[in-house]
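Just below is one structure, and these are the notes that go with it.
The values are calculated or read from the model by the stated rules, or taken from the named source; none is laboratory data. Values in this document were obtained by computation on a predicted structure and should not be read as measured data. Methodologically, a virtual Cβ is constructed for each residue, glycine included, from the backbone with ideal geometry; neighbour enumeration extends over all protein chains shown.
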Amino acid sequence: MLGNIAFEENNYEEAIMHFQKTITLRSSLDGIKINLSQSYIKNNQRDMAKELLIKAASEKNTRYEALLALAYLANYQNDSQSTLKHLKQISPTESFTPYSTYSMSIILKSHVFFKQGNIDLAIETLLPITREFQPQNGAPTQDQFVLLLVGYLHLLNNNSSDANTYFDSIRTTGIIFYTYPELIDTDTNDRTTIHAWNTIFSKCRSEGYLHQREIIKSSCLDSNYETVVKLLYDTFRIHLSDRIYYRKTFLPGAQCPHVFTYDDVQQEWMSDTTILYLLVGKEMEQSQERTLKRFYGQLWIRELEPETSYIDSIYILVTDKNGTQVKLLPDIPDLRYTDEKYTILDYGDDILLSFEQYKYIQNPKHVSVVATGYYIPYLNTYTISTK
């Protein structure tokens, strides 16, 4: 979605606009409240983020991510009690991966104990991650950031022997600068510790430290161990608000502009059908007929997908009680004829069409919309940026 693209480009006001529009159109879409909340956080609108996250925490599919974000907000405000309260609700029975919400909750909980001056408890809290995700057969662990953090916590605790154990785990596999998958192949941007690791690695690399043995315990991370630990935790916390959801593919049946018709009983506009279904690219341009569920003389065409639609013509085909077909033209002249004078709809655009002659048709038996044109999706042209 365009909101994700704006978010990755650090244009948070634009991201908020797109995510707000998506919520208005499709509030049940998994993760959309999380995405808008994270945009609010990035835009320093934390009260609005909190209000929305409380709602998201009541929804099964986003409950843990919402609780993690609420804990982050409380942690940002130095409210340790509320931070731990939210984190306690994130169940350890959730899928335990280096990137899971539960893993992130462990790191944030460790930060609370660090701020309280309890270094031993901060280390102990992180142990489930370090034990679970160790290098396998020489392959690098995806949690080198946590190994680095625990190593420096041990140094801060005057335990260089244990610190070197963790540092050696990093040295054994080599320091990795991770790249990111394309947007189309991603469900969520949940690689928080990878983002944090890359940020730290980029800092050292920019200062000329290119070898892993130069980075660990190097001056690029400051000679004061407490300063380094604070840097690592702060970097991690910054990237917690990068955790947003992506749509891996288009929704079934959604590759096209949406048609809304007014429901006289419900007294509201309702989704009816689509036009230009699967007509991707100029070479696929053709006329396509779609049956309408209801019709009272108007169509509301809305582009709800990340795509640009090119509508050349559109009309209503009505079959009356005698079996006679009547063709009704819209009130927008450029859409009356197939002449390549396209009406162009980008994501978020819409047009309202009126067919004035419909009121003169008595007892219509069947109504369909016939549209000519095509659309071009946005999605393949974007990739996730490496913040």
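From the list Asn78, Asn44, exactly one residue is surrounded by fewer than 15 Cβ atoms within 10 Å (Cβ to Cβ), more than 20 Å from Ile32 (Cβ to Cβ) and under 22 Å from the mean Cα position of the chain (by Cα). Which is it?
The match here is Asn44.
Residue-wise test of (1) more than 17 Å from Glu305 (Cβ to Cβ); (2) assigned to a helix (DSSP H, G or I); (3) within 12 Å of the chain's Cα centre (by Cα).
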site	(1), (2), (3)
Ile5	no, yes, yes
Asn10	yes, no, no
Met48	yes, yes, no
Asn61	yes, yes, no
Tyr64	yes, yes, no
Leu73	yes, yes, no
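Scanning the range 118-155 for residues that are surrounded by fewer than 21 Cβ atoms within 10 Å (Cβ to Cβ), modelled with pLDDT under 95 and under 22 Å from Asn75 (Cβ atoms) yields a total of 3.
Between Ala49, Ala15, Ala71, Ala66, the distinction of being among the hydrophobic types (A, V, I, L, M, F, W, C), in contact (Cβ under 8 Å) with a residue 24 or more places away in the chain and touching a Gly at 6+ places or on another chain (Cβ under 8 Å) belongs to Ala15 only. Listed by position, the helices (runs of 4 or more DSSP H) inside the range 171-250 whose residues that are at negative phi and at pLDDT 60 or above number at least 2 are 192-206, 225-240.
Restricted to strands (runs of 3 or more DSSP E) entirely inside the range 269-387, those with at least 1 residues that are among the small types (Gly, Ala, Ser) and farther than 24 Å from Thr24 by Cβ are 286-291, 307-319, 366-377. Whenever a residue of the range 52-63 is closer than 14 Å to Asp30 by Cβ, its partners that are outside any loop (DSSP other than H, G, I, E, B) and β-branched (Val, Ile, Thr), lying with C-beta atoms within less than 7 angstrom and at least six residues away or across chains, give the pairs Ala56/Ile34; Ala56/Thr62; Thr62/Ile34.
Hey, among the residues in the range 347-365 that are under 30 Å from Thr22 (Cα atoms) and either out of contact with any strand residue (DSSP E or B) (no Cβ under 6 Å at 6 or more places or on another chain) or free of Cβ contacts under 8 Å to residues at least 40 places away in the same chain (or both), which one's surrounded by the most Cβ atoms within 10 Å (Cβ to Cβ)? It comes out as Tyr347. Of all the numbered requirements in (1) surrounded by fewer than 16 Cβ atoms within 10 Å (Cβ to Cβ); (2) at pLDDT 90 or above; (3) within 24 Å of Glu340 (Cα to Cα), Gly281 misses one, and that requirement is (2). For first residues located in the range 327-346 and under 24 Å from Pro364 (Cα atoms) and free of Cβ contacts under 8 Å to residues at least 60 places away in the same chain, partners that are part of a helix (DSSP H, G or I) and not hydroxyl-bearing (Ser, Thr, Tyr) and lie 6+ apart or on another chain with Cβ distances below 6 Å form the pairs Leu328/Gln357.
Please go through the range 34-67 and give me each residue that is among the polar types (S, T, N, Q) and more than 15 Å from Gln20 (Cα to Cα), ordered by number. Passing the criteria: Asn44, Ser58, Asn61, Thr62.
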